[in-house]
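The values are calculated or read from the model by the stated rules, or taken from the named source; none is laboratory data. Only a predicted model underlies this, so the values are computations on that prediction, with no experimental measurement involved. Here the Cβ positions follow ideal geometry from the backbone for every residue, glycine too, while neighbour counts run over all protein chains shown. Protein only, heavy atoms only, side chains kept; ligands, DNA and RNA dropped before computing areas. Shrake-Rupley method; radii C 1.70, N 1.55, O 1.52, S 1.80 Å.
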Amino acid sequence: MTELTSLRQIPQDNLFRKGDVFVLFGELFGRGYVNGLIDEARKAGMTIVGITVGRRDENNALRALNDEELAEAQAKLGGRIINVPLMAGFDLDAPEGEQNPTEMLSGLTLKSWQEDKLDWEKVERCREAGVRRFTESTKRAMAEIDALIPDGSNVFFAHTMAGGIPKIKAFLAIANRIYKGRGERFMSSRALLDSDLGKLILMNFDEVTANTLQHLIDGSAAIRERVTSRGGQVRYSAYGYHGTEILIGGKYQWQTYTNYTQGYAKMRLENVARAAWEKGVSATVFNCPEIRTNSSDIFVGVELSLFPLLTALKKEGGGAWVDQQWDICQELLADGVQLQSILDMIESYNADPTSASFRNFAGWPMDNTPELAEVMIGTSEDITKLHKDRKALITDHLSSLVLESTGPLMFHSVSTPIAPVLWLNHDIIARQLNALHG
């Protein structure tokens, strides 16, 4: 069973300095968790290097960025991009003349998807083709990265790859029922996992979210050997999710969003870091709190655990700045709605026996149920309605605070490694924010 190891003290050490190299292993598209890490690397004076997943041409063939795309990507990163396409996953890969998995599923419909079957030997050939492509591209990219790392410097590899849902028309409708449906529109997450579609998605999640960390660690072995032989050090970080401790009934308790389909791949990611750690490679998966992002918006209810951060900020020694955060959140609510009443709704939600039954760390990730959908999605929709504007939510503001704190927590934690898997819970998030704004 996985042991929950939490970061409890704000890390102060800083291994990295001017001339060291920060490598982002995953393309930067918008604001997200990794922006905080990049900000810290920039503050330390590190050279910033990134990669690209590449782009697809009109025939779905993977290509490098053109000059305009490359210039735009480098401006966004604030560093150099290695222009070797590193698209993870195998949903669009196939041996010459064969269908890729996305094509295999093109005839899937809302009526047929649970019965539609895949030829797993063909799928495996596609997976092998995708892995071969990715490992060869990683080798080419690492050769270019190696040339940018001076002797005597330290290197920080930040893995950010995640996802892997094939682009299948019917899937959005299926996902809407699983992650947003209640009552007659409810659909069991187990139905997805037991279908061939679900099994393919889990395989692709593993390749994108977890196995890419292994490819990064293996692909950078020569860099690691050279850097350490010259007195430098190499660190790896990755973004995980495995629930978060939040304040429930005045105590920090572990809870999670259900059903988190990527949970299986995130546990595999943790195991990649553990295996590396046992071989003396400093790789840490940071299990970060739930936030709202473009990609998480389909998971209605994932944002509910953000609200208790307001209480945690006060509990962890907050002052005038914390009062300002409460005021900002109050301003986002409709006239006559008090922020405390929202927090009371969240407390009731967490105390509900149905919600409480899913706080089962050993059983994670659990399947959804109609009862959970009713209370979780219902609470989420009720709270959203109490805002002035559905496009300006309290959880947007709280998400930005979580992002602000995780950057320094992760950056300084890897300087003196603690464990291969670390949870960043609301206690340390609140303490870091109070320290930044105190």
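Quick notes on this structure:
- Flag if Leu37 is surrounded by 19 or more Cβ atoms within 10 Å (Cβ to Cβ) and outside any helix (DSSP H, G or I): no
- From the list Leu403, Leu333, the lone residue that is at pLDDT 95 or above and either in contact with a Gly (Cβ under 8 Å, 6 or more places away or on another chain) or not polar (S, T, N, Q) (or both) is Leu333.
- Complete set of residues in segment 332-349 that are part of a loop (DSSP other than H, G, I, E, B) and either touching a residue at least 12 places away in the same chain (Cβ under 8 Å) or of a type outside the set (Gly, Ala, Ser) (or both): Leu332, Ala334, Asp335, Val337, Gln338
- Per the listing Ser341, Ser348, Ser355, the residue uniquely at pLDDT 95 or above, open to solvent by less than 20 Å² (accessible area, probe 1.4 Å) and not hydrophobic (A, V, I, L, M, F, W, C) is Ser355.
- Failed item in (1) farther than 18 Å from Thr406 by Cβ; (2) without any contact (Cβ under 8 Å) to a residue 40 or more places away in the chain, with Ala73 passing the rest: (2)
- With respect to the conditions (1) open to solvent by 50 Å² or more (accessible area, probe 1.4 Å); (2) not in a loop (DSSP other than H, G, I, E, B), Ile178 falls short on a single one, namely (1).
- All positions within segment 261-307 that are farther than 19 Å from Leu372 by Cα, assigned to a loop (DSSP other than H, G, I, E, B) and open to solvent by 10 Å² or more (accessible area, probe 1.4 Å): Lys279, Gly280, Val281, Ser282, Ile291, Arg292, Thr293, Asn294, Ser295
- Exactly one residue out of Gly164, Gly243 is in contact (Cβ under 8 Å) with a residue 24 or more places away in the chain, under 30 Å from Leu304 (Cβ atoms), open to solvent by less than 10 Å² (accessible area, probe 1.4 Å) and touching a helix residue (DSSP H, G or I) at 6+ places or on another chain (Cβ under 8 Å), and it is Gly243.
- Hey, Glu58 out of contact with any helix residue (DSSP H, G or I) (no Cβ under 8 Å at 6 or more places or on another chain) and outside any helix (DSSP H, G or I) or not: yes
- Segment 358-368 - residue that is out of contact with any strand residue (DSSP E or B) (no Cβ under 8 Å at 6 or more places or on another chain) and touching a residue at least 24 places away in the same chain (Cβ under 8 Å) and, of those, surrounded by the most Cβ atoms within 10 Å (Cβ to Cβ): Asn368
- Residue in segment 3-25 that is open to solvent by less than 20 Å² (accessible area, probe 1.4 Å) and of a type in the set (Gly, Ala, Ser) present: no
- Restricting attention to segment 97-112, the residues being surrounded by 10 or more Cβ atoms within 10 Å (Cβ to Cβ) and in a loop (DSSP other than H, G, I, E, B) number 10.
- Qualifying positions in segment 390-427 - in contact with a Phe, Trp or Tyr (Cβ under 6 Å, 6 or more places away or on another chain), within 13 Å of Val285 (Cα to Cα) and surrounded by fewer than 23 Cβ atoms within 10 Å (Cβ to Cβ): Pro420
- Which numbered condition Leu70 misses (of (1) in a helix (DSSP H, G or I); (2) out of contact with any strand residue (DSSP E or B) (no Cβ under 8 Å at 6 or more places or on another chain); (3) not aromatic (Phe, Trp, Tyr)): (2)
- Identity of the residue in segment 40-51, open to solvent by less than 10 Å² (accessible area, probe 1.4 Å) and not β-branched (Val, Ile, Thr), that ends up nearest to Ser413 (Cα to Cα): Ala41
- Residue that is loosely packed, with under 13 Cβ neighbours inside 10 Å and modelled with pLDDT of 95 or more, where the choices are Ala94, Ala61, Ala71: Ala71
- Count of residues meeting criterion [among the acidic types (Asp, Glu) and open to solvent by less than 20 Å² (accessible area, probe 1.4 Å)] in segment 208-238: 0
- Residue in segment 158-176 that is at pLDDT 95 or above, over 25 Å from the mean Cα position of the chain (by Cα) and among the aliphatic types (A, V, I, L, M) present: no
- Selection count, segment 311-337, where residues are open to solvent by less than 60 Å² (accessible area, probe 1.4 Å) and of a type in the set (Asp, Glu): 1
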